[in-house]
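The values are calculated or read from the model by the stated rules, or taken from the named source; none is laboratory data. Just so it is clear, the structure is predicted and the values come from calculations on it, not from any experiment. Cβ coordinates were reconstructed from backbone atoms using ideal geometry, including for glycine residues, and neighbour counts include every protein chain displayed. For accessibility, only protein heavy atoms count, side chains too; no ligands or nucleic acids. Shrake-Rupley method; radii C 1.70, N 1.55, O 1.52, S 1.80 Å.
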Amino acid sequence: MSHAGRSRLSQPDTLRLLWAYSPTDPSNENQISKHTVRGSKSLNLLDPQVNKSSSLPANLLRKDFLNPSVKVPNDSTTYWCQTFKMPALAKKHHMVKFDVVVQPDSVGIVHHVLAYACYTPMNESYEGLGAPCFVGILPSEIVNCRQTFMTWAIGGEPFYFPDNVGFSIGGPGDPVYFVVETHYDNPQRLLPLLRSASSSFFSLAPSGCKKRES
């Protein structure tokens, strides 16, 4: 990137972009009003160098974890935990891709998402249970489900596992329950906001398409 004779190398990472403008046009180049409308946004200015879907097998299954609409309080930060159960699979698969989709009215509010795999027994009645994290509401089985297997943050792109690598799903000892933790950022402490659902989806390849497990 360059401006006024100054250059800065831009990397394919998430960058914090600061912007400002004046609500009125300047009368001339020597009388520029103060830029009172300001903001910031995290984004990728360059496409990340990732393995694209052309190398994925054709017989993929897509599994979606859909967060409900959440009423974000007027706190500066809110963590929401939602419990999901992976549907039964006829055979062992490997997760080879994951992505997070944020609805338009939640862009800038959803800061990051973590997904945890639960390897301890889970009460079946907890499927679909959601509540604020870390405030003593959720059962201990959900609170103690902390094995991170997927992360996403503002500006993130779909993640493709390397060739011959995948996360085992549907095999003996593999996790069945998952907890998705979503961080809602409300630094201006706006009035309670009802935010549309965000979703995490996973592409699963039948065992044999990916030869090495992670």
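Summary of values
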item: Qualifying residue in the range 118-138 (condition: among the β-branched types (Val, Ile, Thr) and touching a residue at least 60 places away in the same chain (Cβ under 8 Å)); result: no
item: The range 146-172: number of residues that are touching a residue at least 60 places away in the same chain (Cβ under 8 Å) and part of a loop (DSSP other than H, G, I, E, B); result: 10
item: Residue within the range 124-145 that is under 16 Å from the mean Cα position of the chain (by Cα) and either open to solvent by 30 Å² or more (accessible area, probe 1.4 Å) or more than 19 Å from residue 198 (Cα to Cα) (or both) present; result: no
item: Within the range 147-162, considering residues that are over 19 Å from residue 184 (Cα atoms) and within 18 Å of the chain's Cα centre (by Cα), the one modelled with the highest pLDDT; result: 147
item: Residue match in the range 44-51 (condition: in contact with an Asp or Glu (Cβ under 9 Å, 6 or more places away or on another chain), part of a loop (DSSP other than H, G, I, E, B), at pLDDT 85 or above and open to solvent by less than 30 Å² (accessible area, probe 1.4 Å)); result: no
item: Condition check for residue 74: open to solvent by 50 Å² or more (accessible area, probe 1.4 Å), in a loop (DSSP other than H, G, I, E, B), modelled with pLDDT under 85 and touching a Phe, Trp or Tyr at 6+ places or on another chain (Cβ under 7 Å); result: no
